[in-house]
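What follows is a short report on a single structure.
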Amino acid sequence: MSTAPIGIFDSGIGGLTVAGAIRKLLPNESTVYFGDTARVPYGPKSPDTVRRYAREILAWLLQQDVKAVVVACNTVTAHALDELRERSPVPVIGVIEPGARAAVSATATGVVGVIGTAGTVASGAYRIALQKIRPDVRVMEQACPLLVPLVEEGWFDHEATRLIADEYLQPLRRHGIDVLVLGCTHYPMLKSLLHRVVGDDVRLIDSAAETAGELAHVLNEMGIAAPANSAPTQRWVASDDAARFAKVGAVFMGGSPAPVELVDLGQVKEASSTRESSTTA
């Protein structure tokens, strides 16, 4: 089990920021990354549709004999994490809880900003997670739908990106936030630009790095961390357009990813719940 890979998935390419953080923190671990590029974006889709997609991807990852699953997508974490945990025989880690814990620890004023996709913001998942830890925290949320396509264009330091980010973040700055949660896995690519927009007095919380830390804790606690003498492998898998995945993924990962495999999820049977599986057995 300790040498089995970690499954990581996202609606597309943005979750590679999480994969990169995991590789940096846990260099001995093998990974299988699945990007659902055929059906991206998930943000505008209904919660039921997001949950169905997530169940299909979980089923495929379990077929790859992964020892843990990281949901590197804020929208899926918001809408489907509990269901995925019920259905999975291995631990499932989302990106919202680790980021929320870090934000609560970092805030001095108790005013926390969150930016994300329309779906993540509409779900209120960050607000719920933050106020579960600290009920008196004030949460200011802002959907930033234009930032994802700008990131995927590689416009990390473009003037157009700065102007759009400034427009989105003005209301949060007016409310006096001292912490800003980057509630979309694309946004860490904009950290330098966002830091300039919000100023030095606002701390940015990178959920990708926090999630990697949570994964390390879970693996160690369960005794399934890869040994130091492991020979780790990385697989990159997409549901469509492998060429674009490879091109944009190389930018996200700071170098060429492994050859990108294409997988059709149409033939994958959804993972049944752990409860149902044990009953059948």
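Taking the Cα centre of the stretch 20-63 as origin and assigning +1 to Lys and Arg Cβ atoms and -1 to Asp and Glu Cβ atoms, the resulting dipole is close to 100 debye.
Accessible surface calculations at 1.4 Å, restricted to protein heavy atoms, place the stretch 24-99 at 34 Å² per residue.
Comparing ALA125, VAL179, VAL137 along the charge dipole axis of the chain, the residue lying farthest to the positive side is VAL137, per the Cβ-charge model. Between ILE128 and SER105, how high is the FRET efficiency from 1/(1 + (r/R0)^6) when r is the Cβ-Cβ distance and R₀ = 30 Å? Nearest 0.05. With R0 = 30 Å, the Cβ-Cβ based efficiency is 0.95. The lysines whose alpha-carbon is closer than 22 Å to the alpha-carbon of LYS24, local same-chain residues fewer than 8 away aside, are LYS67, LYS191, LYS247.
Report the residues of the stretch 149-189 in range of a label on LYS24: point 7 Å along Cα→C-beta, backbone N strictly under 13 Å from it. Inside the label zone: 188-189.
Taking every Cα-Cα distance in the stretch 1-131 and sorting them into 5 Å bins from zero, the calculated P(r) comes out as 2, 11, 21, 23, 20, 14, 7, 3, 0, 0 percent. Under the criterion of Cα pairs below 8 Å and six or more residues apart, the relative contact order for the stretch 160-222 equals 37 percent. Relative to one another, the C-alpha centroids of the stretch 32-87 and the stretch 190-216 are positioned 23 Å apart. A cut-off of 5 Å between modelled amide H atoms, ignoring neighbours fewer than 5 places along the same chain, links SER11 with ASP36. Summary value for the chain: 28 percent relative contact order, contacts being C-alpha pairs under 8 angstrom separated by 6+ residues. Computed over the chain, the P(r) tail beyond 33 angstrom holds 18 percent of alpha carbon pairs.
Under a 5 Å amide H cut-off, with hydrogens placed 1.01 Å from N, ALA226 pairs with nothing among residues at least 5 apart or on other chains. Computed on protein heavy atoms with a 1.4 Å probe, the accessible areas place MET1, MET189 in the order MET1, MET189, largest first. For the stretch 124-181, the relative contact order works out to 34 percent when only alpha carbon pairs closer than 8 Å and six or more residues apart are counted. Whole-Hz Karplus values for the stretch 174-188 come out as 5, 7, x, 5, 10, 9, 10, 8, 7, x, 8, 6, 6, 5, x Hz, taken residue by residue from phi with 6.51 cos²θ - 1.76 cosθ + 1.60 and θ = phi - 60°; glycine and proline positions read x.
For the stretch 7-158, with all protein chains in place and a probe radius of 1.4 Å, 52% of the accessible heavy-atom surface sits on carbon or sulfur. Shown for the stretch 171-236: the carbon plus sulfur share of the solvent-accessible area, taken with all protein chains present and a 1.4 angstrom probe, equals 48%. Once the gyration tensor of the Cα atoms in the stretch 66-203 is diagonalised, the equivalent ellipsoid follows with semi-axes of 25, 19, 12 Å, ordered largest first. The string of couplings for the stretch 205-215 from the Karplus curve (6.51, -1.76, 1.60, θ = phi - 60°) is 9, 8, 5, 4, 5, 5, 5, 4, x, 5, 4 Hz, one whole number per residue in order, with x for Gly and Pro. Extension gain, ALA231-ASP200: 0.36 nm per intervening residue step, less the Cα-Cα distance, totals 7.1 nm. Taking amide H as placed 1.01 Å from N in the peptide plane, the amide H of LEU204 sits under 5 Å from that of LEU180, each at least 5 places away or on another chain.
For the stretch 17-89, pairs of C-alpha atoms spaced more than 14 angstrom apart make up 61 percent of the total. For the stretch 34-93, the dipole from Cβ point charges (+1 on Lys and Arg, -1 on Asp and Glu) about the Cα centre works out to 60 debye, to the nearest 20. Taken one residue at a time, the phi angles of the stretch 89-96 give Karplus couplings (6.51, -1.76, 1.60, θ = phi - 60°) of x, 10, x, 10, 10, x, 9, 7 Hz. Gly and Pro are set to x.
The values are calculated or read from the model by the stated rules, or taken from the named source; none is laboratory data. Please read all numbers here as calculations on a predicted model, not as lab measurements. No Cβ is skipped: glycine too gets one built from the backbone with ideal geometry, and neighbour counts run over all protein chains shown. Note: accessible area is taken over every heavy atom of the protein model, side chains too, but ligands, DNA and RNA are not part of it. Shrake-Rupley method; radii C 1.70, N 1.55, O 1.52, S 1.80 Å.
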